[in-house]
Amino acid sequence: MLEVKNVDKYYNTFHALKDISFNVPKGSVTVIIGPSGAGKSTILRCINRLEVFNSGFIKIGNKKIIPGKMRYNDLKEIRTRVGYVAQSYNLFPHLIVIENIILAPKLVLHQKVKAARDNAMQFLEKVGLADKADSKPENLSGGEQQRVAIARTLAMNPEIVLFDEVTSALDPELISEVLNVMTSLAQEGMTMIVVTHEMGFARSVATDVIFMEQGSIVEKGSVADVLVNPKEARTIQFLSKVL
Amino acid sequence: MGYVIRFGVIVENIQELLKGITITLELTLVAIVLSTLTGIIIAFISMNGNRVVKAIINGYVEIMRNIPLLVLLYFIYFGLGEISINFGSFSSIILALVLCNGAYLEEIIRAGIESVHKTQSEAGLALGLHNYQVFFRIVMPQALINVFPPIINQYIIILLSTSFASLVALDELTSTVSRLSAFSFRTFEFYIIGAVVYLVFAVIIVFVTNRIKKILRHEKITKQKEAT
């Protein structure tokens, strides 16, 4: 359902992504691991075109992301299909929780307020925060804010959700509440690409693993291939440090 | 020391004073609304425009910031009149106030926009919003909250600057007060009343804008929650 093909990206002269290609089948959970600066976040940001890449293409169903300028209507469709949850949650601080969730369904999908609200409440219940609908983001803990951010993304009914180090900014004891939400989402068959340092999550939930370093994919395959029996020396070295 | 203070003279001329106050109020409200819109729109254009557009806007702001309001007003009222572009007293002062304060407000609002973290726009874009929706629904409200104190300041400056209208034959509060005091020789009484009226209006502006800020920040909602 998602195809990344020969994607290259430069920041001025810095070669940030080098010939990245991989496929994400429907219902799979792809975990991308690797040291800082490997390009993990950059590739995610290319998939919903928060970043523009220089060559190659990304295909989501029948929609294609290409280098260079794109029309808003195409971007809108891509970003509606591809949900994105960022490390820093980025809830809108001037809106209460429920308004955070219904803003995009109202403006982009043109849902009626009532329908958007009912839909939003369902997702809030799903992430266990139905009682916080009228709270301001600043009165929520980091873990709660991140769960609201996930609900906000799900309210757009995406076909695939990108998680960009969503637990990295959280206190250790809040990490599990976010991972639990993601795990149940995966069990329901949501297609996900997850950039994370949580190896426990990767081992129990992932179907595919990609190991990246310095802008390149070093190794990719099933959990058993990459996490249990890695072939590349660099993967073995990395895993010995994080496991 | 033969001057005896008699405020009775104010009551005798209350009709004329109220007329002047009404015009000052109209000038202030129209100028505040138009200046704010100008500031927001120019800030939007400046943030999204190319280098040429940005240079034009910077030039405009720089010109407005560096000439006295009175010179601008005289230029519009008298100068443009010479080349057959005629503005009435009311339009001239509004135009001068909006041109000048629109530039100041643009600078203030732009500072506010820059204080909103880039990840906020990204979150909006990632949800499929259009650039202008991100700007007006996500960035702008936060920007305004962040720069409320200087905006209130600018609104008060607008109120006080409406007194320049007395110099282009508009009978607003300052002009009325100065005319009445000249006729009646009750300078002390009339000018002190004029000052008090400006002061009261300034306090009202602070009060109203603070209410707006609270609404923008949802402070009411939190209070209700705390009460229950």
Kindly provide the set of residues from region B:1-43 that are surrounded by 12 or more Cβ atoms within 10 Å (Cβ to Cβ) and of a type in the set (S, T, N, Q), ordered by number. B:13, B:22, B:24, B:28, B:35, B:36, B:38
State the number of residues belonging to region A:80-101 that are within 17 Å of residue B:134 (Cα to Cα), at the interface with another protein chain (Cβ under 7 Å from one of its Cβ atoms) and open to solvent by 20 Å² or more (accessible area, probe 1.4 Å). 3
Here is a list: A:44, A:17. Which entry is touching a residue at least 24 places away in the same chain (Cβ under 8 Å), open to solvent by less than 30 Å² (accessible area, probe 1.4 Å) and within 14 Å of chain B (Cβ to nearest Cβ)? A:44
I want to confirm something. Restricting to region B:182-195 and keeping residues that are at pLDDT below 90 and small (Gly, Ala, Ser), which single residue is surrounded by the most Cβ atoms within 10 Å (Cβ to Cβ)? B:184
Need a quick list: helices (runs of 4 or more DSSP H) entirely within region A:103-197 having at least 2 residues that are open to solvent by 10 Å² or more (accessible area, probe 1.4 Å) and touching a Phe, Trp or Tyr at 6+ places or on another chain (Cβ under 8 Å). A:142-154, A:172-187
Kindly list, by first and then second residue, each pair from a residue in region A:119-135 that is within 14 Å of chain B (Cβ to nearest Cβ) and within 20 Å of residue A:176 (Cα to Cα) to a residue that is among the small types (Gly, Ala, Ser) and crowded, with 19+ Cβ neighbours inside 10 Å, limited to pairs with Cβ atoms under 9 Å and residues at least 6 apart or on different chains. A:123/A:151; A:123/A:155
In region A:69-104, anything within 26 Å of residue A:25 (Cα to Cα) and more than 18 Å from the chain's Cα centre (by Cα) is listed as A:70, A:73, A:74
List the pairs whose first member sits in region B:105-120 and is open to solvent by 30 Å² or more (accessible area, probe 1.4 Å), whose second member is among the charged types (D, E, K, R), and whose Cβ atoms are under 9 Å apart, counting only residues at least 6 apart or on separate chains? B:107/B:65
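The values are calculated or read from the model by the stated rules, or taken from the named source; none is laboratory data. Because the structure is a prediction, the values reported are computed rather than measured. In this analysis, Cβ positions are derived from the backbone assuming ideal geometry, glycine residues included, and neighbour counts consider all displayed protein chains. Ligands, DNA and RNA are stripped out before the accessible areas are found, and what is left, the full protein with its side chains, is counted by its heavy atoms. Shrake-Rupley method; radii C 1.70, N 1.55, O 1.52, S 1.80 Å.
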